[in-house]
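Following: one structure in structure tokens, then a few remarks.
The values are calculated or read from the model by the stated rules, or taken from the named source; none is laboratory data. Given the structure is predicted, the values throughout are model-derived calculations rather than measurements. Cβ placement follows ideal geometry from the backbone for every residue including glycine, while neighbour counts extend to all protein chains displayed. With ligands, DNA and RNA removed, areas are computed over all heavy atoms of the protein, side chains included. Shrake-Rupley method; radii C 1.70, N 1.55, O 1.52, S 1.80 Å.
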Amino acid sequence: MQYRIGIDLGGTSIKAGVVDEKYKIISSYQKPTLEGFEIVVPDMAETARIAAENAGLILEDFHSVGVGSPGFINPSTGLLVFSNNTNWRNMPLKQELEKHIPVPVFIDNDANCAVVGEMLAGAAKGYRHVLMLTLGTGVGTGLIIDGRLFSGGDSMGAELGHVPIIANGEPCTCGLFGCLEAYASVTALIRQTNEAMAKNPETKMHAHAAKHGGVSGRTSFDCAREGDPVAMRVVDQYCTYLAIGLGGFITVFRPEIVLLGGGLSGAGDTLLVPVRKKVKEYTFASDLIELPPIERAALGNAAGTIGAAFLGDI
């Protein structure tokens, strides 16, 4: 049995999992993400080491270690080119990790790892052309073409969250304006919810926010399910933005399946049903060519760990 380790580098925690040949996580370990590249790198190695020990193994027993990280990652050079959350630029993530880890290390963007995990063991299993969007603080995207991860000629393509969908629209963290991420991320949804609440003091979203410690990505969706008209309008507009992006991507790539992951995918049919309906309006030849199914990703946080573990095999 060959084992691999996947490390998921998040803004709040570093998670490592030991993954077997059947794509099962058999042990794991996590610790908080502290500040500073020089601190995070050895902490990542430590999570891998302890996850291995929890499985009764040592790092030398492993085929490889893979890392999924937010930001612009160049797997070919091993550089973390840029991360919005930490403002790291051109950090030699692979090279520094290999000083602490005695087996080959592979790195890639966290959304890329998630779509690989879903293709191997989740909702995209059996498909060779897959588009996945992760709806969280930002909008991450992963793209599988003909069974292989696609990331472009410089290994940093498929950043579909930073495709503008509104001319001269909302500012995005990437420096552009009108990007899909500026309209379809959880961060954007919270902004849209706050704007609607400010204009509509009668909406149930005020009480919901007070009860749950503030406005979150759930506020508008929860209240929309309860029939609140203001929340329903927020959700409807949000789903339109998401459908505009998806329609364009489907037109370009024609995937066999589209997956939605990230925290907001937990909204389930309140999100999926209107997006499926709306995307027809924004996809070329939708009346002639059958649209791919749009489904919720199946593996949750495990997708990134599993995908990262198998980066060396795709």
Would you mind giving the three semi-axes, in whole Å and largest first, of the ellipsoid equivalent to segment 273-314 according to its Cα gyration tensor?
31, 14, 7
Would you calculate the separation in nanometres between label points at ILE58 and ASP154, each defined as 7 Å from the Cα along the Cα-to-beta-carbon direction?
4.3
Normalise the Cα radius of gyration of segment 242-314 by 2.2 N^0.38 Å (N = residues in it) and let me know the number.
1.24
Selected from ALA123, VAL273, GLY66, residue furthest toward positive end of dipole (the chain; charges at beta carbon):
VAL273
Ordering LYS94, LYS211, LYS204 from largest to smallest accessible area (1.4 angstrom probe), what's the sequence?
LYS211, LYS204, LYS94
For the chain, would you read off the P(r) tail past 37 Å as a percentage of all alpha carbon pairs?
17
Which whole-angstrom value gives the distance between the alpha carbon centres of segment 9-67 and segment 253-303?
31
Carbon and sulfur together cover what percent of the accessible area of the chain at a 1.4 Å probe radius?
53
As an exercise, use a Förster radius of 35 Å and the Cβ-Cβ distance of ALA198 and ASN87 to find the FRET efficiency, rounded to the nearest 0.05.
0.70
With only helices counted (DSSP H, runs n ≥ 4, each -39500 (n - 2.57)), the per-residue ellipticity at 222 nm for the chain, to the nearest 500, works out to -11000 deg cm²/dmol
When only alpha-carbon atoms count, how far does segment 135-192 stretch along each of its three principal axes, as whole angstroms with the largest first?
37, 20, 15
Taking just the alpha-carbon atoms of segment 137-260, what radius of gyration and Dmax come out, in angstrom?
16.4, 52
Everything considered on the Cα gyration tensor (a ≥ b ≥ c; rounded for a/c under 1.5, else prolate if a/b is larger than b/c, else oblate), segment 1-137 must be described as oblate
Direction-averaged shadow area of the convex hull around the Cα atoms of segment 81-123, nm²?
4.1
Taking 0.36 nm per residue of separation between ASP20 and GLU38 and subtracting their Cα-Cα distance, the length gained on full extension comes to 3.5 nm
Which lysines have a Cα lying under 24 Å from the Cα of LYS99, excluding residues fewer than 8 positions away in the same chain?
LYS15, LYS31
